[in-house]
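The values are calculated or read from the model by the stated rules, or taken from the named source; none is laboratory data. Source: prediction; values computed, not measured. A quick note on method: Cβ atoms are made from the backbone with ideal geometry, for glycine too, and the neighbour counts reach across all protein chains shown.
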Amino acid sequence: MDGKRRMLCDIEDEVAATRAWTGKQRLDPRVMAAIGSVPRHRFVPEEYLIAAYHNGPLDIGYGQTVSQPYIVALMTDLLEPRPGASVLEIGTGSGYQAAVLSRLVKQVYSLEIIPELAESAARRLRELGYLNVTVRAADGYDGWAEHAPYDGIIVTAAAGHVPEPLLTQLRPGGQLVIPVGPPHANQSLKLITKAADGTVASRDILPVVFVPFTGRWGKMAESSVSTLSAK
């Protein structure tokens, strides 16, 4: 069995193992096909090529990682991506999640706070032909109002709370998937849905551990920790 096929099998096994949390017996076949079509080895550093199709996160430098394939698949599935949809991603990283999404929706807009990662991801995505992904180097806290509203928003690093701008930029009927919790500790992957009347509902999906956000999110988290420590 080749590496990519083994990765897909590992994802299916983990979906089955976590169904008590997620409620999912299987993921959308379109999502699995998209995962299978993206060459993950092109989105990881050369020293990790041997592990490119292992079902685990990998370091991409600057304190960031490319997420575990199962988590990428699950978060993509939770968005319920449709061919005509517009999706905002907060945290481009190496561009792997954006590449998967690009196979499923009309347009992906992706924000990355680290300029070097934003530049390399944009170049990589362009070279590989993912031309419906637009990358911008910016702090993602305020989203990207220029292209809103979005049918889905996906956040790929841990936040202490859900920023109001992202809820505002989410189209009624859309989904926001975000890990919420303290940095360097257990967090909860949340699915937030916005009803037609603008009301918002949140559901905990799975315990996760993501690298923390930096920038404005990070400063808020540090401030919160300092306040708690002082009490």
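Contact map, segment 76-89: first residue in contact (Cβ under 8 Å) with a residue 24 or more places away in the chain, second residue in a helix (DSSP H, G or I) and of a type outside the set (Ser, Thr, Tyr), Cβ cut-off under 6 Å, separation 6 or more or different chains; pairs are Thr76/Val31; Thr76/Val100; Asp77/Val31; Val87/Leu101; Glu89/Ala98. For the structure I just gave you, tell me whether Ala157 is out of contact with any Phe, Trp or Tyr (no Cβ under 9 Å at 6 or more places or on another chain) and either at pLDDT 95 or above or among the aliphatic types (A, V, I, L, M) (or both). Criteria not met by Ala157. Tell me, please, whether a residue that is in a loop (DSSP other than H, G, I, E, B) and either of a type in the set (Val, Ile, Thr) or touching a residue at least 60 places away in the same chain (Cβ under 8 Å) (or both) can be found in segment 50-61. No, segment 50-61 contains no residue that is in a loop (DSSP other than H, G, I, E, B) and either of a type in the set (Val, Ile, Thr) or touching a residue at least 60 places away in the same chain (Cβ under 8 Å) (or both).
The rows are residues; the columns are (1) without any contact (Cβ under 8 Å) to a residue 24 or more places away in the chain; (2) acidic (Asp, Glu); (3) within 21 Å of Val105 (Cβ to Cβ); (4) surrounded by 19 or more Cβ atoms within 10 Å (Cβ to Cβ).
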position: Ala158; (1), (2), (3), (4): no, no, no, yes
position: Ile178; (1), (2), (3), (4): no, no, yes, yes
position: Ile192; (1), (2), (3), (4): no, no, yes, yes
position: Asp197; (1), (2), (3), (4): no, yes, no, no
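Going through segment 19-39 one residue at a time, which ones are over 20 Å from Tyr53 (Cβ atoms) and either of a type in the set (S, T, N, Q) or crowded, with 18+ Cβ neighbours inside 10 Å (or both)? Answer for segment 19-39, where residues must be over 20 Å from Tyr53 (Cβ atoms) and either of a type in the set (S, T, N, Q) or crowded, with 18+ Cβ neighbours inside 10 Å (or both): Thr22, Gln25.
For beta carbons closer than 7 Å, sequence separation of 6+ or different chains, a first residue in segment 119-133 that is more than 11 Å from Ala99 (Cβ to Cβ) and a second that is surrounded by fewer than 13 Cβ atoms within 10 Å (Cβ to Cβ), there are no qualifying pairs. Does segment 66-83 contain any residue that is under 17 Å from Gly95 (Cα atoms), surrounded by 14 or more Cβ atoms within 10 Å (Cβ to Cβ) and touching a Pro at 6+ places or on another chain (Cβ under 6 Å)? Yes, because at least one residue in segment 66-83 is under 17 Å from Gly95 (Cα atoms), surrounded by 14 or more Cβ atoms within 10 Å (Cβ to Cβ) and touching a Pro at 6+ places or on another chain (Cβ under 6 Å).
Starting from residues that are part of a loop (DSSP other than H, G, I, E, B) and of a type in the set (A, V, I, L, M, F, W, C), keep the ones in segment 196-214 and report whichever is modelled with the lowest pLDDT. Before the answer, list the steps.
Narrowing segment 196-214 to residues part of a loop (DSSP other than H, G, I, E, B): 196-199, 209-211, 213-214.
Remaining after also requiring of a type in the set (A, V, I, L, M, F, W, C): 196, 209-211, 213.
Details: Ala196: 91, Val209: 87, Phe210: 89, Val211: 84, Phe213: 78.
Only one residue tops the list, namely Phe213.
Inspection of segment 14-37 identifies at least one residue that is in contact with a Phe, Trp or Tyr (Cβ under 9 Å, 6 or more places away or on another chain) and in a helix (DSSP H, G or I).
Looking at Ser188, Ser120 in this structure, which one is of a type in the set (Gly, Ala, Ser) and assigned to a helix (DSSP H, G or I)?
Working: Ser188 fails: assigned to a helix (DSSP H, G or I).
Result of the check over Ser188, Ser120: Ser120.
Of the residues making up segment 122-129, not a single one is more than 17 Å from Val38 (Cα to Cα), crowded, with 23+ Cβ neighbours inside 10 Å and in contact with a helix residue (DSSP H, G or I) (Cβ under 7 Å, 6 or more places away or on another chain).
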